[in-house]
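To keep things clear, I will list the structure first and then write my remarks on it.
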Amino acid sequence: MDLDDRIVQLEKEKQETLEQHAKRSCVRGNTSSSEEDEEKVVEDTAASDEEEEEEETEDDTDSDSDSEYVPFTPRRLMTDEEIREHRRQVAESNGFDVDWFEGILPGSIKPYTLTEANRPPLIDFSKQALKVYNESNNTTFIFDKLIKSNAQCVAGTMFYITFGALMSG
């Protein structure tokens, strides 16, 4: 079996697993730790039109949104073409310049949206990397700006950060 056939086989197996997980029962309940708030298991099946209308009416007046059921809709897996393109981009850029792909591929590198909440740690990581670079290369660059970041989540998160730096002095 060649690599392309194996990729197709693995993709089919993963898609089947995702579909099986989507058919499983879902947990519903309040996220508080009170013993009175027991979780209820409900089947992930569509209610009749009348039941849906009743639920919508109840949802409009229900202020406890923590206990509402939110259906999980899995994204599809990457196609073979997307996997090849993703791997090409990773190889050419060492993970620093990878596009967003609609399909998922576990362990893949994806663009990481810069927000006000996640910018400070990324800036700190950039400054740490620059400090190591300066010490290793006897240079005096200083951090200037955060440009973009990609992330790979497996058993933790690996960041591929692009930042600007200026020569000090």
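Pull up the stretch 127-169, narrow it to residues that are of a type in the set (Ser, Thr, Tyr) and touching a Ser or Thr at 6+ places or on another chain (Cβ under 9 Å), then point me to the one that is farthest from GLY107 (Cα to Cα). Ranking the candidates gives SER168 first. Within the stretch 133-148, the set of residues being open to solvent by 90 Å² or more (accessible area, probe 1.4 Å) and either assigned to a strand (DSSP E or B) or basic (Lys, Arg) (or both) comprises just one member, LYS145. Considered as a group, the residues in the stretch 159-169 that are open to solvent by less than 90 Å² (accessible area, probe 1.4 Å) and more than 21 Å from ASN94 (Cα to Cα) include one that is nearest to the chain's Cα centre (by Cα), and that residue is LEU166. Among the residues that make up the stretch 121-131, is at least one of them exposed (fewer than 15 other Cβ atoms within 10 Å of the Cβ) and under 15 Å from the mean Cα position of the chain (by Cα)? Checked against the condition, which is being exposed (fewer than 15 other Cβ atoms within 10 Å of the Cβ) and under 15 Å from the mean Cα position of the chain (by Cα), the stretch 121-131 yields no hits at all.
Of LEU122, LEU130, LEU114, all but one fail to be more than 21 Å from THR79 (Cβ to Cβ), touching a strand residue (DSSP E or B) at 6+ places or on another chain (Cβ under 8 Å) and part of a loop (DSSP other than H, G, I, E, B); the exception is LEU114. Among all residues of the stretch 149-158, there is at least one that is of a type in the set (Ser, Thr, Tyr), open to solvent by 70 Å² or more (accessible area, probe 1.4 Å) and either within 27 Å of LEU77 (Cα to Cα) or in contact with a helix residue (DSSP H, G or I) (Cβ under 7 Å, 6 or more places away or on another chain) (or both). Out of everything in the stretch 81-90 that is without any contact (Cβ under 8 Å) to a residue 24 or more places away in the chain and over 16 Å from ILE161 (Cα atoms), what residue ends up being most open to solvent (accessible area, probe 1.4 Å)? Checking each candidate, the answer is GLU81. Selection of first residues in the stretch 118-130 that are within 12 Å of LYS145 (Cβ to Cβ) and touching a residue at least 24 places away in the same chain (Cβ under 8 Å) and of second residues that are open to solvent by less than 80 Å² (accessible area, probe 1.4 Å) and part of a helix (DSSP H, G or I), restricted to Cβ pairs under 6 Å at least 6 apart or on distinct chains, gives an empty result.
The values are calculated or read from the model by the stated rules, or taken from the named source; none is laboratory data. Everything numeric here is computed off the predicted structure, so don't read it as measured data. Counting neighbours? That spans all protein chains shown, and the Cβs are built from the backbone with ideal geometry, glycine included. Remember, those area values only see protein heavy atoms, side chains included, never the ligands or the DNA or RNA. Shrake-Rupley method; radii C 1.70, N 1.55, O 1.52, S 1.80 Å.
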